[in-house]
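I have placed the structure first, in the form of structure tokens, so that the comments after it can refer back to it.
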Amino acid sequence: MAQGWSFAGQRVEFRAALPAGKLVVLAPPAKVVLHEVKLSQEGEWSVPVAGQPLKVVRKRKGLTPVIEVFAPGGTMLPPADRHVAPRPAPAGSLCPANQAPAIAACARCGTFICQACAGADLTHCASCFGTLHEAAQKNAAAMAYFAPVIVFGIMGGLLGGVFGALAGGAAVAIAKRTENKVVKIGAAVGLYALAAILWIVVAVLLRG
Ligand SMILES: [Zn+2]
Ligand SMILES: [Zn+2]
């Protein structure tokens, strides 16, 4: 699945490239490449998207580098697996909040939005953008519980990786569903311990 962000009808996607990947700016739906930026493992770049400079930051978070994309106002854009295009607003339509000419209809709820009251991605209304942004933050925090899977893969090879990934998937699912940090950490520790025991048992059985 492509890691990407949608902004005002254009799409930014991460692609494999030497030495550490690149970002491409695409014009959907034809996916014409408008712009390309080579990345390093860590750094900060300005990428022109839909005529505006988006700030891209890549930094180490836990075991792997993460890419964060910021709209001109400084708000972080939520990543989206698929491109989200702004819905066109009928000519002459006004946004209800400011009675100003609408630039689009919110891609989620259909409310007409003007330049001023649109969310940071210029694709959703401020309220829907807030919901998506919050969900993305929660997802990113929950994914931290998947990090030990890499250790399982290194220590236990393919078999260890499989058990680790099962435990990690369950730990992330639990972390997304509860606000209680003790439950999140307790579930993750228990699941990974169970995965380690299962891995040892299966590894011994396979050898015997
Ligand atoms: Zn909306
Ligand atoms: Zn408005």
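Tabulated values for the structure
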| quantity | calculated |
| --- | --- |
| Partner aspartates and glutamates for LYS138 [C-alpha distance under 13 Å; skip if fewer than 8 residues away on the same chain] | GLU179 |
| Compactness index (Cα Rg / 2.2 N^0.38 Å), the stretch 1-77 | 1.04 |
| Potential lengthening between ILE185 and LEU94 on full extension [0.36 nm per residue; Cα-Cα distance subtracted] | 27.9 nm |
| Choice from VAL84, VAL69, VAL189 showing the highest fluctuation, given a GNM over the chain with Cα pairs closer than 10 Å | VAL189 |
| Surface share of carbon and sulfur [accessible, 1.4 angstrom probe, percent] for the chain | 64 percent |
| FRET efficiency for SER46 and ALA20, using Cβ-Cβ distance with R0 set to 22 Å, rounded to 0.05 | 0.80 |
| Loop sites in the stretch 7-82: trypsin sites (Lys or Arg not before Pro), DSSP, at most 13 other Cβ within 10 Å | LYS31, ARG82 |
| Cβ charges +1 (Lys, Arg) and -1 (Asp, Glu), total dipole of the chain, debye | 300 debye |
| Probe 1.4 Å, protein heavy atoms only - accessible area per residue of the chain in square angstrom | 56 Å² |
| Gain in span if fully extended, ARG87 to THR64, counting 0.36 nm per residue against the direct Cα distance | 4.8 nm |
| Cα gyration tensor, the chain - rounded (a/c under 1.5), prolate or oblate | prolate |
| Extreme residue, positive dipole direction of the stretch 26-119, given options VAL49, PRO28, PRO79 (C-beta unit charges) | PRO79 |
| Among VAL182, VAL56, VAL25: highest mean-square fluctuation, GNM of the chain, C-alpha pairs under 10 Å | VAL182 |
| Degrees separating the helix 181-207 axis from the principal Cα axis of the chain, which is the longest one | 50 degrees |
| Sequence-separation-based contact order of the stretch 1-77, relative, with Cα cut under 8 Å and 6+ spacing, percent | 19 percent |
| Ordering of 92-100, 171-179 by burial proxy (mean other Cβ atoms within 10 Å per residue, highest first) | 171-179, 92-100 |
| Listed residue pairs exceeding 27 Å between alpha carbons, taken from LYS38/LYS184; LYS31/LYS176; LYS61/LYS184 | LYS38/LYS184; LYS31/LYS176 |
| Hypothetical label at ALA203: residues of the stretch 144-164 whose amide nitrogen lies under 12 Å (7 Å Cα-Cβ projection) | 152-164 |
| Long-range amide H partners of LEU94 with built H, under 5 Å | ALA102 |
| Chain lengthening between ILE150 and GLU134 when straightened (0.36 nm per residue, less Cα-Cα) | 3.1 nm |
| Selected from ALA126, ALA118, ALA17 as most flexible by GNM, with the chain as the system and alpha-carbon contacts under 10 Å | ALA17 |
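The values are calculated or read from the model by the stated rules, or taken from the named source; none is laboratory data. No experiment lies behind these values; they were computed from the predicted model shown. Neighbour counts run over all protein chains shown; Cβ positions are idealised from the backbone, glycine included. We work out accessible area using only protein heavy atoms, side chains counted, and drop any ligands, DNA or RNA first. Shrake-Rupley method; radii C 1.70, N 1.55, O 1.52, S 1.80 Å.
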